[in-house]
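Here the structure comes first, spelled out in structure tokens, and everything after it is commentary.
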Amino acid sequence: MRLLAAALGLALVPLLAPSATADAAPRPRTIDVRVGTYNVCGHGCLPTRAICEATIGRDCATKLRPWAEGRAAAVARRVDHRRVGVVATQEIGNNPTPTQTGVDVESFRAPLTRAMERRGYAEAPADYAGTRHPIEGYPLRSGAGRYTYYDAQRYSHRDGRGRDLPHDLLWLPDSTEIYGKTMTWNVLRERRGGARFVVVDLHLEFRRNGATDPNGWTRDWDRVRYLDAARTVAHLTKVEPATRDLPIVFAGDMNSASAADGASALDAFADAGFVDAEAVARRHRHRELASFNGGRIPLPEGGKIDHVLVARGTTVRSWSLVPETRRTSGDPRDLLDSDHHLVHADVRLRR
């Protein structure tokens, strides 16, 4: 056989190679990223009840030390210590309103952004200015404070020529007050390989069923959370051309641990083919703790309202909840940086 091949001026290996190459499927591109969500309770955790009620007109979930006096820096330190690549944050102030003159985005965003930048993170853009209600047309008066930060050595919100990648804000009109809830999304680029992916930052309705909001509405708020989550995922996976063909991670405070059919954010994501990273992770840390600690010491155990969600079939190597403290007694003002815990997951996204 070898003599025949030599006589014909051929080689056996090249004759076999095309068949092997044809049978081998191209390797899919992957993006390994640690994505987190952290409700930092910037404007919601003011130092005293009197200040809180004078500022936002109601009691706060908990009373922690002033945001700009060390708490914002501690939040940044925790994110950096856990080497989170991209983190979606919530409750960094609201757009100023006549009744909330002390609560504005800049007062709470700026200290955190400075602290994050000192640790090598960059702020992804979130365009709140000029946003108007999608049905009624009035300007956004609240619902801000959702900003995403990323490790600037590994990722960028700009393309290779320095132009901003697509990003936007989506108003969720089913939800809450005359102000409305919003979510922000950003396309990010992996610096090393250039692969792109989407991170969506959500903070859904907080009211329990039977509660009445400032409009006087008494709604099925579980159903509202379902509808807002469903609208978000449908918009990004089916409507928005800049995101529908990219891998997407949803991260945020869903304000519910429920997975009830038709009455929970988790079910809305499941209906669209997305799963909670905690449910499919190979390894877990501090799974026993509730992600909302409520400003209580010792830290409560229980369900999670803060979630990282990925497309079904995505590899999730690990899921972690990062306790605000290891102490079992003491003053929450001294021990806690937020009334939530940082939650993050190591995911492998496929392009």
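A compact table of results
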{"quantity": "Fewest-first ranking of 45, 52, using other Cβ atoms within 10 Å as the exposure measure", "calculated": "52, 45"}
{"quantity": "Residue order, fewest to most surrounding Cβ atoms within 10 angstrom, among 196, 82", "calculated": "82, 196"}
{"quantity": "The stretch 31-350: antiparallel DSSP beta bridges as a percent of all, rounded to 5", "calculated": "75"}
{"quantity": "Per-residue Cβ neighbour rank within 10 angstrom, fewest leading, 202, 335", "calculated": "335, 202"}
{"quantity": "Within-9-Å neighbourhood charge of residue 121 [Cβ basis; K, R +1; D, E -1]", "calculated": "-2"}
{"quantity": "Cβ charges +1 (Lys, Arg) and -1 (Asp, Glu), total dipole of the stretch 31-350, debye", "calculated": "1160"}
{"quantity": "3J(HN,Hα) from dihedral phi, the stretch 77-87, Karplus parametrisation 6.51/-1.76/1.60, rounded to Hz, x for glycine, proline", "calculated": "4, 5, 4, 5, 4, 8, 6, 6, x, 9, 10"}
{"quantity": "Cα gyration tensor shape of the stretch 31-350, rounded if a/c is under 1.5, else prolate or oblate by comparing a/b with b/c", "calculated": "rounded"}
{"quantity": "For the stretch 261-274, Karplus couplings with θ = phi - 60° (6.51, -1.76, 1.60), whole Hz, Gly/Pro x", "calculated": "4, x, 9, 6, 5, 4, 5, 4, 5, 4, 4, 9, x, 10"}
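All of the numbers you see were taken from the coordinates with simple rules; none came from a lab. All of these numbers come straight from a predicted model, not from anything done at the bench. A quick note on method: Cβ atoms are made from the backbone with ideal geometry, for glycine too, and the neighbour counts reach across all protein chains shown.
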